[in-house]
Amino acid sequence: MKQRTAQVRWEQRMQTPLLALAIAFALAYAVPIVAPDAKSSVITVCTVTEWVVWGTFAVDYLVRLVLAPAKWLFVRKHPLDLVAVVLPLVQPLRLLRVVSTLLLVGRRARMAPQITLTTYVGGAVVGLMMFGSLAVLHVERDAPNGNIKTLGDAVWWSFTTMTTVGYGDHAPTTGLGRVLAVGLMISGIALLGVVTANIAAWFISRFERDDVEERRQTAMLEALTADVKALREQVAALSGAGAGAMPTPVGPSEEPAVRG
């Protein structure tokens, strides 16, 4: 129980710093792609920042594993966290660091109590679109037959890919770019499905709430009608009883003679 409490305490304490580091990672990843002519020192700082952020998330996973009461159960319940930690070590490509950090950020953000499902899905959509645009621009910009050369082209391609519209005016030509497209399509379908389901559930709940309120008002009117009917019956009964108990008035011809 103490270990469990320590694990929860650690997770709550690290929520805000890890989300701040995720923002730093996004900036460090975007700067070399948006500004490819930046100074080498800037590129170096961005690369170091990426590794530091990934390393921090990896340490966070290891600490949670140590504090977990059942280690094997923790590993089984968090398989994506383990994959995200190990992935960049297998082949230290920059894109793998992006994928692993996105997985770790997503898992930790979903655990935050202050983040609702709507906020989580919205942030995931924006994050995927942003990183997908940057990643495909990084891969396709220098491709001989590539037609995604600017950030605007990449954002447009990401938007049409995530929404499964696929106009075809911009498309990746390299193998890695097509792998990114597949991942973005699958993620976009899943997230947009969640958004659609949430919107449908909201409408259904509104209709159900209106229906319940209408039924409640109908029941109140029926009860009020029954009460009024019962009161009328009681008033009629009391009026009939009162009329039967009153003395019959004596006419003038029936007055008794007065004796002298």
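Among the residues of the stretch 160-184, write down those that are in a helix (DSSP H, G or I) and surrounded by fewer than 16 Cβ atoms within 10 Å (Cβ to Cβ).
Listed by number, the residues that qualify are G175, R178, V179, V182, G183.
Restricting attention to the stretch 154-166, does a residue exist that is free of Cβ contacts under 8 Å to residues at least 60 places away in the same chain, more than 26 Å from A197 (Cα to Cα) and not aromatic (F, W, Y)? Working first, answer last.
Within the stretch 154-166, the first condition is being free of Cβ contacts under 8 Å to residues at least 60 places away in the same chain, and the residues that meet it are 154-166.
Those still in the list that are more than 26 Å from A197 (Cα to Cα) too: 154.
Adding the requirement that they be not aromatic (F, W, Y) leaves 154.
Scanning the stretch 154-166, I find at least one residue that is free of Cβ contacts under 8 Å to residues at least 60 places away in the same chain, more than 26 Å from A197 (Cα to Cα) and not aromatic (F, W, Y), so the answer is yes.
Could you count how many residues in the stretch 19-43 are charged (D, E, K, R) and under 20 Å from K149 (Cα atoms)? Steps first, please.
Taking the stretch 19-43 first, the residues charged (D, E, K, R) are 37, 39.
Those left that are additionally under 20 Å from K149 (Cα atoms): 37.
Here the count works out to 1.
Quick check on the stretch 55-76. Is at least one of its residues at pLDDT below 80 and either surrounded by 12 or more Cβ atoms within 10 Å (Cβ to Cβ) or assigned by TED's automatic domain parsing to the domain that holds A28 (or both)?
To start, the set of residues in the stretch 55-76 that are at pLDDT below 80 comprises none.
Looking for residues that are at pLDDT below 80 and either surrounded by 12 or more Cβ atoms within 10 Å (Cβ to Cβ) or assigned by TED's automatic domain parsing to the domain that holds A28 (or both), one finds none in the stretch 55-76, hence no.
Looking at V45, V75, which one is part of a helix (DSSP H, G or I) and either over 25 Å from the mean Cα position of the chain (by Cα) or closer than 22 Å to A154 by Cβ (or both)? Outline the logic, then answer.
Working: V75 fails: either over 25 Å from the mean Cα position of the chain (by Cα) or closer than 22 Å to A154 by Cβ (or both).
On inspection, the qualifying residue turns out to be V45.
Looking at (1) in contact with a helix residue (DSSP H, G or I) (Cβ under 9 Å, 6 or more places away or on another chain); (2) surrounded by 12 or more Cβ atoms within 10 Å (Cβ to Cβ), which is the only condition P17 fails?
Failing condition for P17: (2).
So that you can scan it fast, the table gives a plain yes or no per residue for (1) in contact with a helix residue (DSSP H, G or I) (Cβ under 8 Å, 6 or more places away or on another chain); (2) more than 23 Å from A28 (Cβ to Cβ):
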| position | (1), (2) |
| --- | --- |
| A135 | yes, no |
| V139 | yes, no |
| G146 | yes, yes |
| S158 | yes, no |
| M162 | yes, yes |
| G166 | yes, yes |
| R178 | no, yes |
| I186 | no, yes |
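The values are calculated or read from the model by the stated rules, or taken from the named source; none is laboratory data. Here the structure is a predicted model, which means the values were calculated and not measured. For neighbour counting, all protein chains shown are included, and Cβ atoms are generated from backbone atoms with ideal geometry for every residue, glycine included.
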